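The values are calculated or read from the model by the stated rules, or taken from the named source; none is laboratory data. In this text, all values refer to a predicted model and were calculated from it rather than measured experimentally. Ideal geometry is used to build each Cβ from the backbone, glycine not excepted, and the neighbour counts take in all protein chains shown.
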Amino acid sequence: MTQSGTATLTISELREFASFTSSEQRYIRRSLDIGLGRQDAFKLWARDEDEQVSIRRQYDAYRDLKALRQTRPDEYDFDGVDAFMGKLVRMAAFDLAQERVTSFSAFRFLYERLLGGWARPWLPAAFCGAAALPQIRPDRRRTLLHSISEAAATAPGWSDREPSFYPEFIEKEAA
């Protein structure tokens with residue numbers, strides 16, 4: 001891909017990230033620090049004891065990330081789908097239950113970065129499966145499931161292009 005094409009895709013990713021709520025942006029950055037091992041999330045993100053507990057739970061929920069990255073089920077065969085989707089739906093349900101990710105778009109943005117571009121075809125099923133679980137409040141289920149477009153749910157194909165923009169913590173300057 002040309003440098004110009006890569007720049008255009010990065011700008012598109014920046015715009016998409018900017019369209020998310022501030023709560024979604026914060027949660028995505030924190031999740032990437034935890035899931036990609038970029039930073040000590042406790043030091044960077046925990047503002048109080050409740051957030052420390054939440055971060056500890058998120059580290060636990062993300063324990064299968066490494067295995068998921070290495071398990072690439074065949075899109076045309078059912079071997080290994082149960083183990084892969086079971087772990088992916090459990091992890092997705094954790095994130096959706098935190099009530100900081102409010103749409104499929106934000107979910108997809110996060111999981112493309114946690115797993116890689118190859119995971120895109122699996123994300124609509126994981127999102128819908130997790131959003132429909134009884135652990136998600138009924139009004140949240142409705143909101144989440146309405147956020148996935150028919151086009152995303154029924155896409156005939158997905159790009160496996162890796163994301164280029166990985167948002168990070170931005171420290172506020174002292175005034």
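Can you name the residue in region 136-150 that is polar (S, T, N, Q) and at pLDDT 95 or above and, of all such residues, is nearest to the chain's Cα centre (by Cα)?
The extreme case among them is S147.
Of the residues A61, A67, which is closer than 19 Å to F94 by Cβ, surrounded by 17 or more Cβ atoms within 10 Å (Cβ to Cβ) and of a type in the set (G, A, S)?
Going through A61, A67 in turn, the sole match is A61.
Count, please, the residues in region 36-52 that happen to be free of Cβ contacts under 8 Å to residues at least 12 places away in the same chain, outside any helix (DSSP H, G or I) and loosely packed, with under 14 Cβ neighbours inside 10 Å.
Summing the residues that are free of Cβ contacts under 8 Å to residues at least 12 places away in the same chain, outside any helix (DSSP H, G or I) and loosely packed, with under 14 Cβ neighbours inside 10 Å in region 36-52 gives 4.
Where in region 53-127 are there helices (runs of 4 or more DSSP H), lying wholly inside it, with at least 3 residues that are within 20 Å of F20 (Cα to Cα)?
Result: 81-97, 104-115.
Just to be sure I understand, how many residues within region 72-95 are surrounded by 14 or more Cβ atoms within 10 Å (Cβ to Cβ) and of a type outside the set (K, R)?
So the answer is 12.
Please go through region 2-20 and pick out each residue that is outside any helix (DSSP H, G or I), touching a helix residue (DSSP H, G or I) at 6+ places or on another chain (Cβ under 8 Å) and not small (G, A, S).
F20
Determine, yes or no, whether F84 is over 20 Å from K66 (Cβ atoms), out of contact with any strand residue (DSSP E or B) (no Cβ under 6 Å at 6 or more places or on another chain) and among the hydrophobic types (A, V, I, L, M, F, W, C).
Taking the combined requirement at face value, the residue does not satisfy it.
Could you grab me the full set of residues in region 136-159 that are part of a loop (DSSP other than H, G, I, E, B), among the aliphatic types (A, V, I, L, M) and closer than 17 Å to A119 by Cβ?
I148, A155 - these are the residues of region 136-159 that are part of a loop (DSSP other than H, G, I, E, B), among the aliphatic types (A, V, I, L, M) and closer than 17 Å to A119 by Cβ.
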